[in-house]
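Everything on this sheet refers to the single structure shown next.
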Amino acid sequence: MKFLIPDMSCGHCKAVVERTIIDLDSNADVVVNVAAKTAEVKTTSAPEAILTALKAEGYPAKLVG
C-alpha cells in the first residue's frame with residue numbers, strides 16, 4: 001500500500017514515519033520517499049491503523065494505492 005504524507009519534508013520526518021509503521025508491525029517493509037512525500041508499505045497491519053498512528057505522530061496521511 002502507498003501513502004501520501006504531505007507534511008513530510010526532511011530526514012527527521014522520514015525517520016518518524018518509518019518508526020511509526022515499524023512499531024505497528026516489526027516485519028513491515030517500508031520505503032519512504034521524502035521528495036515525493038510518499039511511503040510504500042508491505043505489512044499485515046490494516047491501512048486504517050497506519051493512518052491513525054501517523055496522524056497521532058503529526059503526519060496525517062492519505063492512502064493512495
TODO: Say whether the condition of being touching a helix residue (DSSP H, G or I) at 6+ places or on another chain (Cβ under 9 Å) and either part of a helix (DSSP H, G or I) or hydroxyl-bearing (Ser, Thr, Tyr) (or both) is met by at least one residue in segment 25-41.
DONE: no
- [ ] Please go through segment 52-65 and pick out each residue that is over 14 Å from CYS13 (Cβ atoms), assigned to a loop (DSSP other than H, G, I, E, B) and in contact with a Leu (Cβ under 6 Å, 6 or more places away or on another chain).
- [x] VAL64
Open item on the list: Just to verify a result, which residue in segment 38-51, among those that are surrounded by fewer than 13 Cβ atoms within 10 Å (Cβ to Cβ) and of a type outside the set (Lys, Arg), is nearest to SER9 (Cα to Cα)?
Closed with: GLU48
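Can you name the residue in segment 23-37 that is in contact (Cβ under 8 Å) with a residue 24 or more places away in the chain and within 17 Å of HIS12 (Cβ to Cβ) and, of all such residues, is surrounded by the most Cβ atoms within 10 Å (Cβ to Cβ)? Show your work before the answer.
Within segment 23-37, the subset in contact (Cβ under 8 Å) with a residue 24 or more places away in the chain is 23-24, 32, 34, 37.
Still in the running and within 17 Å of HIS12 (Cβ to Cβ): 23, 32, 34, 37.
Details: ASP23: 12, VAL32: 21, VAL34: 16, LYS37: 17.
Step by step, filter segment 23-37, then rank; the result is VAL32.
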TODO: Kindly list the number of the only condition in (1) without any contact (Cβ under 8 Å) to a residue 60 or more places away in the chain; (2) not in a helix (DSSP H, G or I) that fails for VAL17.
DONE: (2)
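When the residues of segment 1-22 are filtered to those that are among the hydrophobic types (A, V, I, L, M, F, W, C) and surrounded by 16 or more Cβ atoms within 10 Å (Cβ to Cβ), which remaining residue is nearest to ALA61 (Cα to Cα)?
Restricting to residues being among the hydrophobic types (A, V, I, L, M, F, W, C) and surrounded by 16 or more Cβ atoms within 10 Å (Cβ to Cβ), the top hit is ILE5.
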Open item on the list: Cβ-Cβ under 7 Å, sequence separation 6+ or interchain: first residue in segment 46-61 and under 15 Å from ARG19 (Cβ atoms), partner of a type in the set (A, V, I, L, M) and outside any helix (DSSP H, G or I). Which pairs?
Closed with: ILE50/VAL41; LEU54/ILE5; LEU54/ALA61; TYR59/ILE5; TYR59/MET8; ALA61/LEU4; ALA61/ILE5
Open item on the list: With the requirement that a residue be modelled with pLDDT of 95 or more and either under 12 Å from PRO6 (Cα atoms) or exposed (fewer than 13 other Cβ atoms within 10 Å of the Cβ) (or both), what does segment 53-65 give you?
Closed with: LEU54, LYS55, ALA56, GLY58, TYR59, PRO60, ALA61, LYS62, LEU63, VAL64
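The values are calculated or read from the model by the stated rules, or taken from the named source; none is laboratory data. None of these values were measured; they are calculated from a predicted model. We place every Cβ from the backbone using ideal geometry, glycine too, and count neighbours over all the protein chains shown.
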